[in-house]
Amino acid sequence: MSEQQYDLIVIGAGPGGYVCAFRASQLGLRVALVEKRPTLGGTCLNVGCIPSKALLHSTEIFHAVQSHGSRHGIKVQNLEPDLENLMEAKDKTVKKLVGGIAQLCKSRKITVIQGTGTLAGNNRVRVASDGEEPREFTADHIVISTGSVSVELPFLRFDGEVVVGSDEAVAFDAVPNRLAVVGAGAIGLELGSVWSRLGSEVTIIEALDQVAPTFDPDIGKQAERIFKRQGMRLVLSAKVTGLKRSGKKRLLQYDAEGKEQSLEVDKVLVAVGRRPFLDGLGLDEAGVECDDKKRVQVDDQLRTSASGIWAIGDAVAGPMLAHKAEEEGVAVAERIAGKPAHVNYDVIPNVIYTTPEIASAGLTERDAKERKIAYKVGKFPLAANGRALAAGTAEGMVKVLAEQETDRLLGVQILAPSASEIIAAVVAHLEYGGSAEDLGRTVHAHPTISEALKEAALAVHGSALHAL
Ligand code: NAI
């Protein structure tokens with residue numbers, strides 16, 4: 001085999017791509033990983049999941065001391081955020097993680113090729129990097145894991161300064177006085193929370209009639225009340241129409257309650273979804289077809305229409321989540337190595353890392369209705385959970401759905417502190433086909449927030465112990 005020839009070339013080193021490369025290398029394949037960024041880890045590690053979680057964690061501490069310090073017996077004077085240090089700590093975390101991925105690639109003998117990869121047909125990948133002649137590499141298999149970029153609104157183009165996407169909003173160098181956020185999904189709520197905690201006047205404008213619209217309306221409504229109390233302004237059922245300049249002022253235009261309104265802003269974060277990033281990848285030349293939503297078309301094994309080319313993660317259909325991409329990366333590596341593999345798309349947890357966190361796995365009520373599945377619901381309020389009360393965080397609830405006839409667990413939604421961790425137990429129950437009764441009879445440590453999950457499962461049969 002020549003230096004330029006591999007069993008597998010992965011294009012894009014985000015969580016989907018690097019995990020695919022790791023698994024393929026574990027299985028004995030000769031792997032190259034092509035990445036255009038100077039560091040590995042993709043959006044998630046560099047400008048997405050990890051930096052946003054670092055900012056969320058630090059600002060949560062700041063906000064808790066500022067808003068509830070006295071409740072916890074903490075007296076503080078002249079409390080103020082230190083943005084420079086906060087960003088430095090976030091950047092250090094990112095640096096450590098992306099460096100760790102590079103180290104793991106080295107240890108696993110994965111060749112990292114820096115530059116922009118293009119499909120060149122006949123099992124070839126061309127890699128261009130600044131100031132160098134394009135190089136060509138060949139492989140029996142190629143995996144497209146090029147991720148996604150923020151969707152741009154045609155009437156509100158990104159300018160990197162005032163109108164920005166999440167990449168910029170995790171790295172503002174000053175706290176904006178007035179920040180408008182378009183979209184109350186994961187990014188809008190998370191980054192809206194970060195800047196609101198640091199002192200921005202945050203207004204989130206959402207087209208639908210609830211925040212976190214992938215969750216059921218009762219969860220969304222309760223979350224909305226909590227976020228409003230935290231100081232964010234939420235404008236629902238509203239449509240942003242553009243940005244006007246009036247002298248030095250910038251006015252965001254939107255339609256709400258039947259009339260055109262405007263809001264003075266310093267920055268606008270557009271968080272209305274992401275689209276697969278496939279620009280300039282040479283899909284046509286390579287014979288790779290896309291679906292009607294401009295995602296790479298794949299079969300149920302994640303094979304594209306071109307022989308030997310696979311695609312995973314945000315580049316293909318399904319939730320745009322790092323852990324979904326990782327599972328697909330593992331599955332493709334195993335299939336290439338001739339092993340059977342499976343991704344359970346019915347059980348992919350979904351988390352919004354606000355305070356409290358919002359997490360779900362399995363079906364919502366909306367999903368169950370759409371699938372015409374008869375179900376029972378059990379709910380339990382955090383206000384009746386001892387641990388939450390002791391911590392002063394007794395806002396939220398757990399909602400459990402079980403099949404009417406069989407009691408099989410269908411899905412769970414959690415609005416509670418540590419929901420992102422508690423949801424793992426739900427995923428396990430769903431994977432093993434457990435019932436609401438199984439979950440309700442499982443021993444949970446006391447006192448823990450996760451007891452609210454057990455109680456909500458008991459509530460499916462009207463037998464919750466600490467609430468009526
Ligand atoms: P999203 O799809 O989660 O939410 C976008 C929101 O914008 C929706 O509520 C939608 O109704 C609203 N919207 C769309 N057009 C609008 C308009 N013109 N005016 C007002 N509202 C409008 O998208 P988001 O938050 O940008 O995130 C992108 C992707 O990244 C998602 O797939 C998300 O799941 C993923 N992500 C996941 C995170 C997590 O797991 N915690 C964190 C950040 C992103």
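The values are calculated or read from the model by the stated rules, or taken from the named source; none is laboratory data. Note that the coordinates shown come from a computational prediction; the quantities given were computed from them, not determined experimentally. Glycine also receives a Cβ, built like all others from the backbone with ideal geometry; neighbour counts cover every protein chain displayed. The protein model used for the area step is the full one, side chains on, heavy atoms only, and it has no ligands, DNA or RNA in it. Shrake-Rupley method; radii C 1.70, N 1.55, O 1.52, S 1.80 Å.
Worth pointing out:
- For the set 43, 116, 203, solvent exposure ranked by accessible area (probe 1.4 Å, protein chains only) runs largest to smallest as 116, 43, 203.
- Highest to lowest packing among 83-95, 259-271, 21-33, scored as the average C-beta count within 10 Å: 21-33, 259-271, 83-95
- In Hz, Karplus ³J(HN,Hα) per residue of segment 380-393 (6.51, -1.76, 1.60; θ = phi - 60°; x = Gly, Pro): 9, x, 5, 4, 10, 9, x, 5, 5, 5, 4, 8, x, 10
- Gyration tensor verdict on segment 403-468 (Cα atoms; rounded if a/c is under 1.5, prolate if a/b is larger than b/c, oblate otherwise): oblate
- Cα-based shape type of the chain, given that a ≥ b ≥ c are square roots of the gyration tensor eigenvalues and the cut on a/c is 1.5: oblate
- With the helix formula -39500 (n - 2.57) applied to DSSP H stretches of n ≥ 4, the chain reaches a computed 222 nm mean residue ellipticity of -9500 deg cm²/dmol.
- Placing dummy labels 7 Å off each Cα toward the beta-carbon, the span from residue 175 to residue 342 is 5.1 nm.
- In sequence order, calculated HN-Hα J values of segment 179-188 (Karplus, 6.51, -1.76, 1.60; Hz; x Gly/Pro): 10, 9, 10, 9, x, 9, x, 4, 5, x
- Residue (of 396, 377, 348) at the positive-pole extreme of segment 318-458, dipole from beta-carbon charges: 377
- Amide H contacts of residue 308: none lie under 5 Å away among residues 5 or more positions distant or on a separate chain (H built 1.01 Å from N in the peptide plane; Pro and chain starts excluded).
- Pairs exceeding 31 Å between alpha-carbon atoms, taken from 53/259; 75/228; 95/294; 75/239; 228/267; 324/369: 53/259; 95/294; 75/239.
- Backbone phi angles across segment 164-170, fed through the Karplus curve with coefficients 6.51, -1.76 and 1.60 (θ = phi - 60°), yield HN-Hα couplings of 10, x, 5, 3, 7, 6, 8 Hz in residue order; Gly and Pro are listed as x.
- Segment 163-272 shape via C-alpha gyration tensor axes, a/c threshold 1.5: oblate
- Charging the Cβ of each Asp and Glu at -1 and of each Lys and Arg at +1, and nothing else, the dipole of segment 349-412 about its Cα centre rounds to 80 debye.
- Placing R0 at 22 angstrom, the Cβ-Cβ distance between residue 239 and residue 291 gives a FRET efficiency of 0.25 after rounding to 0.05.
- Residue ranges 288-295, 139-146 sort as 139-146, 288-295 when ordered by packing (mean number of other C-beta atoms within 10 Å per residue, highest first).
- Cβ crowding within 10 Å averaged over residues, with 190-201, 395-406 ranked highest first: 190-201, 395-406
- Within the chain: Cβ-based charge dipole about Cα centre, in debye rounded to nearest 20 (Lys, Arg +1; Asp, Glu -1): 760 debye
- Cα-based convex hull volume of segment 356-459 per residue, rounded to whole Å³: 79 Å³
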